[in-house]
Amino acid sequence: MAEHAERGMSAPPEVVFNTATDPDRAAAWLPQPLRSDGRSRPDVSPGQMRARWASASAPGWSAEIRVEPADAGGARVQLDLDGQADPGLAEETLASLAREVADNLTAG
């Protein structure tokens, strides 16, 4: 089942994208079938701020994010999530990413 979600974040797009694609942070926000021992590595298109994860151990599961600039220096994130996900998992996944971005800003 495919699911789409969008969310604004109060962080620069580069910070959001770098947080999302950091393998050390992926386990905190990606759904379980897309995690691989905490070292999830996506296919990345940095110039377009797009990244895609796919699971070898859970066929049919994938996630793709796109990060775009938004008003006031923030970011707009779009997520497409494919797999046998519960309704609302895409929204929950973006909320987890937003927490990681906030933690990243606080730590840095």
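The values are calculated or read from the model by the stated rules, or taken from the named source; none is laboratory data. Nothing here was measured: the structure is a model prediction, and the numbers come from that model. Quick reminder, even Gly has a Cβ in these numbers, built from the backbone with ideal geometry, and neighbours come from all protein chains shown. Ligands, DNA and RNA are excluded from the accessible area calculation, which covers all protein heavy atoms including side chains. Shrake-Rupley method; radii C 1.70, N 1.55, O 1.52, S 1.80 Å.
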Point to revise | Accessible area (Å², per residue) of the chain, counting only protein heavy atoms and a probe of 1.4 Å | key: 53 Å²
Review point. To the nearest 10 square angstrom, how much accessible area does ARG35 have with a 1.4 angstrom probe?
Key: 80 Å²
Check your understanding: For the chain, which whole-number percentage of the solvent-accessible area (1.4 Å probe, protein heavy atoms only) is attributable to carbon and sulfur atoms?
Key -> 46 percent
Check your understanding: Which FRET efficiency value, to the nearest 0.05, do you get for GLU92 and ALA58 by plugging their Cβ-Cβ distance into 1/(1 + (r/R0)^6) with R0 = 22 Å?
Key -> 0.80
Practice item. Report the accessible area of GLU14, computed with a 1.4 Å probe over the heavy atoms of all protein chains in place, in Å² rounded to the nearest 10. Key: 100 Å²
Point to revise | Dipole magnitude of the chain, debye to nearest 20 (Cβ charges: Lys/Arg +1, Asp/Glu -1, about Cα centre) | key: 220 debye
Point to revise | Gaussian network model of the chain, springs between alpha carbon atoms under 10 Å - residue of PRO42, PRO12, PRO87 with greatest fluctuation | key: PRO87
Practice item. For the stretch 4-10, just list the computed ³J(HN,Hα) in residue order, Karplus coefficients 6.51, -1.76 and 1.60, θ = phi - 60°, integers in Hz, with x standing in for Gly and Pro. Key: 10, 9, 9, 7, x, 9, 8
Revision key, fill the gap. Listed residues SER96, SER55, SER45; largest mean-square fluctuation, Gaussian network over the chain with Cα springs below 10 Å, found at SER45
Review point. For the chain, what is the Kirkwood estimate of the hydrodynamic radius, computed as the reciprocal of the mean inverse distance between distinct Cα atoms, to one decimal in Å?
Key: 13.6 Å
Exercise for review: Output the relative contact order of the chain, whole-number percent, from Cα pairs under 8 angstrom with separation of 6+ residues.
Suggested key: 37 percent
